[in-house]
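One structure is given here, and the rest of the page talks about it.
The values are calculated or read from the model by the stated rules, or taken from the named source; none is laboratory data. None of these values were measured; they are calculated from a predicted model. Counting neighbours? That spans all protein chains shown, and the Cβs are built from the backbone with ideal geometry, glycine included.
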Amino acid sequence: MTTFLQAQMPSTSALFSAYASVSALAMLLRSIFHEFIPQPLRTYLLNLFHRLFKSRSNNLTLVFEDVNATGIGRNQLYDASELFLSTKITTPSTDRLKISKSTKDKTLTFRFEKGEQITDTFDGITLHWRFQCQESPKHRTPTEDDPSVSTSSQEIKFFELTFQKHYKSHVLENYIPHVLATSKSLKDENKTLKLCTLGSRFSCGNVYWDTINLEHPSTFDTLAMDPVLKSAIKADLDRFVRRREFYKRVGRAWKRGYLLYGPPGTGKSSLVAAMANHLRFDVYDLQLGNLIRDSDLRRLLLATANRSILVIEDIDCSVQIKNRENYKGNNSTDHNNGQFYKPPEVQVF
C-alpha cells in the first residue's frame with residue numbers, strides 16, 4: 001500500500017516544474033492585462049470581479065451629510081441627528097469625545113470625535129451611529145484679488161446609521177420621524193438664541209455662517225422707546241407669528257420687513273435684540289459689502305433657518321446709487337456722467 005502511494009505522488013522536481021509553469025502563465029496574463037487592455041476596461045472588469053465575489057452583507061447604511069444634496073444649505077436630518085444624539089453622547093459605549101466651554105456657556109459642550117460610534121435601540125431594533133469626517137477634493141475657487149488661483153478643500157461631516165436590511169421600512173417610516181420629533185422638542189426646550197455672522201474662514205471658497213450665543217439683555221420692557229410705538233411693534237410681531245398659516249394659505253412667503261434708520265447709538269441694534277428675545281428667533285447679521293458673488297448671497301440666504309431675523313446692515317452704503325437728476329438740477333438725466341449723492345440725514349423713529 002505504501003509503495004502504491006509513493007508511486008502515485010509526483011516528485012519534487014515535478015512540483016517545482018509545475019509551479020514555475022503556473023507562475024510564468026500568471027505573469028504573462030498580468031502583462032497582457034496591463035498592456036493590451038485599456039484602463040477604463042480594466043477598472044470595469046476589476047469592479048465586476050469584486051462585486052461577484054464579495055460577501056453579501058445583511059446590513060444597510062444610511063448617510064446623513066451636513067449639507068443637502070445640492071450643496072447649498074444645511075441638511076435638516078444631519079442637524080436633527082446631531083441634536084438627538086447629544087442626549088446619548090455620554091453613554092459608556094463612547095470612547096472619545098470633544099469637550100469645550102466658552103466664557104458665556106453655563107454647561108460643558110460635548111461633540112463627537114471622528115469615528116466615534118453610538119448604539120441606539122428602537123422598538124427592539126439595534127441601530128449603530130457613527131460620526132465621520134472626510135476632506136473633499138480640492139477645487140479652484142475665485143477670490144477678490146485673483147479669480148483663478150485660489151485652491152481650497154472642504155471638510156465634509158456626516159453620520160452613518162447602520163441596521164439590518166429587513167428593518168428598512170420601519171426605520172424610514174418610524175425611527176427617522178422619531179429622531180426629527182425628538183430633536184425639535186429638545187431644540188424648543190433648551191433653545192439658546194444664536195447670533196450668526198459671516199464666517200472668518202472660507203470653506204471651499206464659499207462663505208458660511210459662523211454662530212455664537214446671543215446674550216443681549218435688551219427687551220421691550222427695558223427698551224427706551226415711545227410706549228405707543230413699542231406696543232404697536234409688539235402687536236405687529238405677535239400678529240405676524242399667529243398668521244403663519246394664513247400666509248401659507250394665500251400663497252405668500254411668511255416674512256415681515258422693518259426699516260430701521262438713524263445715526264449710530266440710537267438703539268437700532270437694541271431694538272433688533274428685543275425683537276429676537278420676544279420672538280425667540282435667531283439673528284443673522286449680514287453686510288452686503290463683504291460679499292463678492294451673487295452665489296455667495298444666495299448660499300447664505302438658503303442657509304438661514306426658519307423662525308429667524310435677517311439683519312442687513314448699512315444697506316444704503318452697500319451700493320452706489322446714481323442721481324436721476326443731473327448736477328445742475330434740471331429734469332434730464334446724464335447716464336454717462338451721473339453724479340452720486342449722499343443719503344440725507346434721517347431721524348430714528
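Quickly run through the range 255-309 and pick out the residues that are assigned to a helix (DSSP H, G or I) and either touching a Lys or Arg at 6+ places or on another chain (Cβ under 8 Å) or of a type in the set (S, T, N, Q) (or both). Lay out the reasoning, then the answer.
First, pick out the residues of the range 255-309 that are assigned to a helix (DSSP H, G or I): 268-279, 288-290, 294-302.
Of everything in the range 255-309, those that are assigned to a helix (DSSP H, G or I) and either touching a Lys or Arg at 6+ places or on another chain (Cβ under 8 Å) or of a type in the set (S, T, N, Q) (or both) turn out to be 269, 270, 277, 278, 279, 290, 295.
Could you go through the range 161-168 and let me know if any residue there is charged (D, E, K, R) and free of Cβ contacts under 8 Å to residues at least 60 places away in the same chain. Write out each step before concluding.
The first filter runs over the range 161-168 and keeps only residues charged (D, E, K, R), leaving 165, 168.
Among the residues that remain, those that are also free of Cβ contacts under 8 Å to residues at least 60 places away in the same chain are: none.
No: the range 161-168 contains no residue that is charged (D, E, K, R) and free of Cβ contacts under 8 Å to residues at least 60 places away in the same chain.
Out of (1) more than 28 Å from the chain's Cα centre (by Cα); (2) under 30 Å from residue 128 (Cα atoms); (3) among the aliphatic types (A, V, I, L, M), what's the single condition that is false for residue 172?
(1)
Only one of 98, 88, 104, 54 is at pLDDT below 80, among the basic types (Lys, Arg) and under 23 Å from residue 119 (Cβ atoms); which?
Details: 88 fails: at pLDDT below 80; 104 fails: under 23 Å from residue 119 (Cβ atoms); 54 fails: under 23 Å from residue 119 (Cβ atoms).
Exactly one of 98, 88, 104, 54 is at pLDDT below 80, among the basic types (Lys, Arg) and under 23 Å from residue 119 (Cβ atoms), namely 98.
Out of curiosity, is residue 175 of a type outside the set (A, V, I, L, M, F, W, C), surrounded by 15 or more Cβ atoms within 10 Å (Cβ to Cβ), more than 21 Å from residue 286 (Cβ to Cβ) and in contact (Cβ under 8 Å) with a residue 40 or more places away in the chain? I'd like the intermediate steps shown before the answer.
Working: of a type outside the set (A, V, I, L, M, F, W, C): yes; surrounded by 15 or more Cβ atoms within 10 Å (Cβ to Cβ): yes; more than 21 Å from residue 286 (Cβ to Cβ): yes; in contact (Cβ under 8 Å) with a residue 40 or more places away in the chain: yes.
Yes.
The conditions are (1) of a type in the set (A, V, I, L, M); (2) at pLDDT below 75; (3) in a loop (DSSP other than H, G, I, E, B); (4) surrounded by 10 or more Cβ atoms within 10 Å (Cβ to Cβ), and residue 15 fails exactly one of them. Which is it?
Failing condition for residue 15: (3).
List pairs: first residue in the range 223-249 and outside any helix (DSSP H, G or I), second residue surrounded by 11 or more Cβ atoms within 10 Å (Cβ to Cβ) and modelled with pLDDT of 90 or more anywhere in the structure, Cβ distance under 8 angstrom, at least six positions apart or on different chains.
The qualifying pairs are 223/230; 223/270; 223/271; 223/274; 225/271.
Which of (1) modelled with pLDDT under 90; (2) among the hydroxyl-bearing types (Ser, Thr, Tyr); (3) closer than 28 Å to residue 109 by Cα is the odd one out, the single condition residue 219 does not satisfy?
The single condition residue 219 does not satisfy is (1).
Of everything in the range 281-291 that's touching an Asp or Glu at 6+ places or on another chain (Cβ under 9 Å) and either within 20 Å of residue 230 (Cα to Cα) or among the aliphatic types (A, V, I, L, M) (or both), which residue is surrounded by the fewest Cβ atoms within 10 Å (Cβ to Cβ)?
My answer is 288.
Within the range 257-280, how many residues are among the charged types (D, E, K, R) and surrounded by 14 or more Cβ atoms within 10 Å (Cβ to Cβ)?
Of all residues in the range 257-280, those among the charged types (D, E, K, R) come to 268, 280.
Adding the requirement that they be surrounded by 14 or more Cβ atoms within 10 Å (Cβ to Cβ) leaves 268.
Count: 1.
If residue 43 meets every condition in (1) at pLDDT 80 or above; (2) β-branched (Val, Ile, Thr); (3) exposed (fewer than 12 other Cβ atoms within 10 Å of the Cβ); (4) under 30 Å from residue 209 (Cβ atoms) apart from one, which number is that one?
Tallying (1) at pLDDT 80 or above; (2) β-branched (Val, Ile, Thr); (3) exposed (fewer than 12 other Cβ atoms within 10 Å of the Cβ); (4) under 30 Å from residue 209 (Cβ atoms), residue 43 fails exactly one: (4).
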